[in-house]
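Worksheet: the structure to be examined is printed underneath.
The values are calculated or read from the model by the stated rules, or taken from the named source; none is laboratory data. Because the structure is predicted, anything quoted here is derived from the model rather than measured. When we count neighbours, we look across all protein chains shown, and the Cβ atoms used for this are built from the backbone with ideal geometry, even at glycine. Just so you know, the surface numbers come from the protein's heavy atoms only, side chains and all, with ligands and any DNA or RNA stripped out. Shrake-Rupley method; radii C 1.70, N 1.55, O 1.52, S 1.80 Å.
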Amino acid sequence: MPRRYGPFGGSFVPETLVPALHELDRAWREARRDPEFRRELRRLSETLGGRPTPLYFARNLTRRARGAEIWLKREDLVHGGAHKFNNALGQGLLARRMGKPRLIAETGAGQHGVATAMIGATLGLDTEVYMGSVDMERQKPNVERMRLLGAKVIPVTTGARTLKDAINAALRDWIANVRTTHYLLGSAVGPYPFPAIVADFQSVIGREIRTQSVRAFGRLPDLVVACVGGGSNAIGTFRPLLRTKVELLGVEAGGPRGSKGAGSLTSGSPGVLHGSFSYVLQDQDGQVSDTESISAGLDYAGVGPEHAWLKESGRARYIAVHDTDALRAFHWLARDEGILPALEPSHALFAAVAEARKRPSTQHVVVTLSGRGDKDLGVVLGAAR
Amino acid sequence: MRLADALADARSARRRLVVPYLLVDRRRLGRLRGTVEALRDAGATALELGFPFSDPIADGPVLAGAADQALAHGTDWRDLLAAARIASRSLPTAVMTYANPVLRHTLPAGLAALARSGVSGLIVPDLSLEESGPWRSASHRADLALVLLAAPGATPVRIAAIARASRGFLYLVSYYGTTGSAASTGTPDLAPLVRAAREAAPALPVLLGFGIRDRGSAERALRTGVDGVVIGTALEEAIQRDPRPAAVGRWLASVVGPRAG
Ligand SMILES: Cc1ncc(COP(=O)(O)O)c(C=O)c1O
């Protein structure tokens, strides 16, 4: 497993955290080779998480696009309602293996917080989740779910009170409590080994797409599309397809039209945020910018370092989709297929429909539907008013 | 005088080393010269000049809040260079900032600009030993001492490696936590860490930082066998209470100066 992806990645952290990162790296490498660990991961993925998730042919959405076939990888059906479970389960098992009795996590949309709270309950680990107070307001149902699941939700009121600030708060907690606490980071960001570990546990998405597409339509898709906040569902989708000819498209949040949005790959530049060298939205002095997006899960100024490298090397392409277009795609999927998507993958859906439109009906586009939309009803209904 | 020389000389003269931390804030530039002189007269050996960063993960609420304020006041890189020119006239000056602002100005050009402004040391709290290679060579070329940090929890082998790679001094973090969060130092047993650093780099001064806030904590810090202390959060609080240079100087003297009476 590489510490770097081209020039990107690394571990830019206060020295206090370095021993914990080494410990985590060791535990993960051992666990990957341990048949017992893999059996347990697989058993809980299936019996608790509901894997494998289906690959669904979106016939009506395809008709709307009048082009390539659109297929949905249904991560919205995973336990908890998003792909976040895949990583929370894996890291939760690692935390138990390392003997850490306490989990902390950051969350933006609340999905990672919910997943961590569920795993904390399952494995009997104390769980505390940092969440920006702006996000607590706009993703309220998830705050209530976390509390019901026994986690403590700690409001973060510094900065823009969104995901970036929640990660800062979680890192500060970890620096103070590193001996007893595992920081269950929720996206493919942060210092090494987090991007590698998160990508590893999320790669189940792309592996299933690989086998399911061959089974469903006899070959690999022509294009896969996933939304990119920190980039965990996207890297999980892309990784197992890197050495194929499948086109990879990552979709960032463009925010309101005319705003700077939250597209670190599409509008940012190389820099260090939260422990790794990657793309960052920043000013001329390297101060990290505030971001804007209708979806809390994509509202982040950084991105995982492997995506920075996939962009620079040209292996993947990244675009940004505006709030209003994501909302349109939300309603399309609701009316056409009877599925309420989360606002994060609604960005990817919009891009997938646009891509399908440009392609012949013989092609196949797979979109990772990273989460379900229940958490977003307030935002969606508010936007309709 | 330059940071490394000043600290080495003071150590040979068996003086304890005192390095206060001042955050650069555009609104405080007018008082900077007087403040640095007052700190020098109160016993400071060198100065740490902090450049605010938007996401200071090693800092607790006081210093993170001060950084937010400074950025809200429009503080930018030019202010840092201006502050460095002023401060380095009175005290050897090291700049403390996070990795990203330096990288944004690029290692060679950013460090050269600092050096031209009189800076002779650099401290980057989110630069791990693992990432420090290019920084060490760039600092060497710019004639800046790159000060590395060590923290409790590191093995003696790791401390030794950090001490050998560090220049100017070794910045030993006194506890598990962010700046300003512990009431007193000495919770973890620091003596073995200090010993490991000494064995690896006998000529390198070792300073303890984080949590030094009054005479008692400063004296406890020195009993771990270090050569001196870095004082950040408590000084910032003192400045917020009374920003006048004379008051700031009196406060530092009350912590590290000779006992009155
Ligand atoms: C449903 C859903 N999709 C996507 C994301 C974005 O995260 P990532 O880019 O790590 O997949 C989130 C994050 O909160 C989410 O809840």
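Structure notes:
- Residue within region B:93-103 that is away from chain A (no Cβ under 12 Å), assigned to a helix (DSSP H, G or I) and more than 17 Å from the chain's Cα centre (by Cα) present: no
- A residue that is surrounded by fewer than 23 Cβ atoms within 10 Å (Cβ to Cβ), hydroxyl-bearing (Ser, Thr, Tyr) and over 16 Å from the mean Cα position of the chain (by Cα) can be found somewhere in region B:4-15.
- All helices (runs of 4 or more DSSP H) inside region A:118-235 with 3 or more residues being crowded, with 18+ Cβ neighbours inside 10 Å and more than 14 Å from chain B (Cβ to nearest Cβ): A:133-138, A:140-148, A:194-202, A:204-217
- Residue that is nearest to the other protein chains (Cβ to nearest Cβ) [pool: residues in region A:1-41 that are under 18 Å from A:Arg239 (Cβ atoms) and among the basic types (Lys, Arg)]: A:Arg3
- Top-ranked residue of region B:106-162 - restricted to ones that are among the charged types (D, E, K, R) and within 14 Å of chain A (Cβ to nearest Cβ), ranked as surrounded by the fewest Cβ atoms within 10 Å (Cβ to Cβ): B:Glu130
- Qualifying residue in region A:254-272 (condition: open to solvent by 30 Å² or more (accessible area, probe 1.4 Å) and within 14 Å of another protein chain (Cβ to nearest Cβ)): yes
- Of the helices (runs of 4 or more DSSP H) lying entirely inside region A:1-92, those containing at least 2 residues that are within 30 Å of B:Ile162 (Cβ to Cβ), open to solvent by less than 60 Å² (accessible area, probe 1.4 Å) and away from the ligand (no atom under 16 Å from the Cβ) span A:18-32.
- The combined condition, being among the acidic types (Asp, Glu) and within 15 Å of the ligand (Cβ to nearest atom), is not fulfilled by A:Glu355.
- Among residues of region A:359-385 that are open to solvent by 70 Å² or more (accessible area, probe 1.4 Å) and at pLDDT 95 or above, those with a Cβ under 7 angstrom from a residue that is within 11 Å of the ligand (Cβ to nearest atom) and assigned to a strand (DSSP E or B), sequence gap 6+ or separate chain, pair up as A:Arg372/A:Pro341.
- Residue match in region A:306-315 (condition: away from the ligand (no atom under 13 Å from the Cβ), facing another protein chain (nearest Cβ under 9 Å) and out of contact with any Ser or Thr (no Cβ under 8 Å at 6 or more places or on another chain)): no
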